[in-house]
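After the structure tokens below, expect a handful of questions from me.
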Amino acid sequence: MQFTLQATDPHSKARTGLLTTDHGLIETPIFMPVGTAGTVKAVHQRELVADVKAEIILGNTYHLYLRPGLDTLEKAGGLHRFNGWERPILTDSGGYQVYSLSNTRKIKEEGVTFKSHIDGSKHVFTPESVMDIQRIIGADIIMAFDECTPYPCEYGYARASMEMTHRWLTRCIDRFDATEGKYGYQQTLFPIVQGSTYKDLRQQSAEFVAEQQRDGNAIGGLAVGEPAEEMYTTIEQVNAILPSDKPRYLMGVGTPENILEAIALGIDMFDCVMPTRNARHGVLYTTQGIINIKNERWKDDFSPIDAELGGYAGTCYSKAYLRHLIKSEEILGAQIASLQNLTFYLWLVKEARQEINTGNFVKWKANMTKKLMQRL
Ligand SMILES: CNc1nc2c(CC[C@H]3O[C@@H](OC)[C@H](O)[C@@H]3OC)c3nc(N)[nH]c(=O)c3cc2[nH]1
């Protein structure tokens, strides 16, 4: 996998780049729609390509391993063949899901035992098994098996957890480098920086991760409830240590405002369930600001959802109609709202790329943030 830097903003750490994988190109900064169980919820692949113009989507080892299971995925020839998404895919290792979904998990040096949130069956994830699982899923970019510490997290636990995550990273690298892709294309492994919100631990973790000299690096342990300011301070500190010629992926982030701030701090890749999850509850991100479509004020508003954004999502139906669908819990409501929010998120990062290329990003960010975060 190759990463070439294009423009760097003279007034911030923002930069644009090109990431090439065997399944195609990714322009950075990029937002990656989350398709946890092999589907971006309520959105067709065709719409992801034609309307959202998504370049890479995410999957999740924990979910895919439990359902549909490795046997089906391997027989299909991997996730790309199974869900028909022929562009790049990134899968998370499941470290976070085991911590967030399965309240019966036990963490030991060897790995994590947990009970499936679906049928209660018992499973074990180890650094080695998670590498083998992600080889079978076949994502172009796979994540190391780590422990994402909660917030707040006391210092002793954070340090011990980080040190174990580093030992697990070494085991992931050994296993990954000793195995091949199963389907004839290259995969790459990203390590994940941990250390909670402790400056010395974040320094140690960023240095250890940078030493591995992988194709890209992720910042984990954030967007877990810490104040935004702490997130930004941590990103700034870690990005000063991670190599600038490799992509930096901030896991689980975030609102449009978080994303623009993190781009200014030198982040290249983002994922977040917000656009799709909030869509299903009627919270829309638009070029005019945030709309809670269930609000009475949209009842007889027959204007398009987001005329300025344009495209199918912005112009296909009126606000009044979408409000009716969401209130009626019609499936089409989730489909339209998800399409709108993802189209918006990909539009936002495209605009950011253009502003970085023209050296105007910082001024544009200030105006855009004020406008986008206002609640209509
Ligand atoms: C939301 N905030 C947040 N998400 C996080 C995720 C899950 C993203 C993954 O989880 C699913 O979304 C919840 C998505 O599937 C996504 O990517 C695949 C993390 N994953 C790992 N391995 N390590 C971390 O430190 C971590 C931190 C996060 N902070």
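Tell me, yes or no, whether the range 155-165 has at least one residue that is open to solvent by less than 10 Å² (accessible area, probe 1.4 Å), of a type in the set (A, V, I, L, M, F, W, C), within 15 Å of the ligand (Cβ to nearest atom) and touching a strand residue (DSSP E or B) at 6+ places or on another chain (Cβ under 7 Å).
no
Restricting the search to the range 225-245, which residues are among the hydrophobic types (A, V, I, L, M, F, W, C) and under 12 Å from residue 13 (Cα atoms)?
If the condition is that a residue be among the hydrophobic types (A, V, I, L, M, F, W, C) and under 12 Å from residue 13 (Cα atoms), then 235, 240 are the ones that fit.
If you don't mind, there's one more thing I want to ask. So in the range 70-101, with the set limited to residues that are hydroxyl-bearing (Ser, Thr, Tyr) and at pLDDT below 95, which one is surrounded by the most Cβ atoms within 10 Å (Cβ to Cβ)?
Residue satisfying both the conditions and the ranking: 96.
Pick from the range 1-38 the residues that are among the small types (Gly, Ala, Ser) and open to solvent by less than 10 Å² (accessible area, probe 1.4 Å): which of them is nearest to residue 84 (Cα to Cα)?
Checked the range 1-38; the qualifying residue nearest to residue 84 (Cα to Cα) is 35.
Among the residues of the range 272-281, is there at least one that is more than 24 Å from the chain's Cα centre (by Cα), touching a residue at least 40 places away in the same chain (Cβ under 8 Å) and open to solvent by 10 Å² or more (accessible area, probe 1.4 Å)?
We begin by selecting, within the range 272-281, every residue more than 24 Å from the chain's Cα centre (by Cα); these are none.
Within the range 272-281, not a single residue is more than 24 Å from the chain's Cα centre (by Cα), touching a residue at least 40 places away in the same chain (Cβ under 8 Å) and open to solvent by 10 Å² or more (accessible area, probe 1.4 Å).
If you take just the helices (runs of 4 or more DSSP H) that sit entirely in the range 294-376, which of them hold at least 2 residues that are farther than 17 Å from residue 50 by Cα?
Numbers: elements: 311-315, 319-327, 331-357, 361-372.
In the range 294-376, the matching helices (runs of 4 or more DSSP H) lie at 319-327, 331-357, 361-372.
How do the strands (runs of 3 or more DSSP E) wholly within the range 180-271 filter down when requiring 1 or more residues that are away from the ligand (no atom under 15 Å from the Cβ) and assigned by the TED database to the domain that holds residue 356: which remain?
In the range 180-271, no matching strands (runs of 3 or more DSSP E) lie anywhere.
Checking the condition over 22 Å from residue 185 (Cα atoms), within 16 Å of the ligand (Cβ to nearest atom) and buried (at least 23 other Cβ atoms within 10 Å of the Cβ), which residue from 43, 52 passes?
Going through 43, 52 in turn, the sole match is 43.
Which residues, counting only those in the range 57-88, are in contact with an Asp or Glu (Cβ under 8 Å, 6 or more places away or on another chain) and within 20 Å of residue 350 (Cβ to Cβ)?
58, 87, 88
I'd like the full set of residues that are in contact (Cβ under 8 Å) with a residue 60 or more places away in the chain and farther than 16 Å from residue 247 by Cα, limited to the range 25-49. Let's see the steps before the verdict.
Taking the range 25-49 as the starting set, the residues that turn out to be in contact (Cβ under 8 Å) with a residue 60 or more places away in the chain are 26-34, 36, 40-43, 47-48.
Residues satisfying the conditions are 33, 34, 36, 40, 41, 42, 43, 47, 48.
Among the residues of the range 111-149 satisfying the criterion of being open to solvent by 20 Å² or more (accessible area, probe 1.4 Å) and of a type in the set (Lys, Arg), which is farthest from the ligand (Cβ to nearest atom)?
Among those residues, the one meeting the criterion is 122.
Next up: Picking from 66, 70, 79, which residue would you name as being away from the ligand (no atom under 16 Å from the Cβ) and closer than 24 Å to residue 181 by Cα?
Working: 66 fails: away from the ligand (no atom under 16 Å from the Cβ); 79 fails: away from the ligand (no atom under 16 Å from the Cβ).
Matching residue, one of 66, 70, 79: 70.
Looking at the range 167-196, which of its residues are surrounded by fewer than 22 Cβ atoms within 10 Å (Cβ to Cβ) and closer than 15 Å to residue 147 by Cβ?
Listed by number, the residues that qualify are 167, 170, 171.
The values are calculated or read from the model by the stated rules, or taken from the named source; none is laboratory data. Note that the coordinates shown come from a computational prediction; the quantities given were computed from them, not determined experimentally. Because the Cβ atoms are built from the backbone with ideal geometry, glycine has one as well, and the counts that use them run over all protein chains shown. When the accessible area is computed, the model is the full protein with side chains, heavy atoms only, and any ligands, DNA or RNA have been set aside. Shrake-Rupley method; radii C 1.70, N 1.55, O 1.52, S 1.80 Å.
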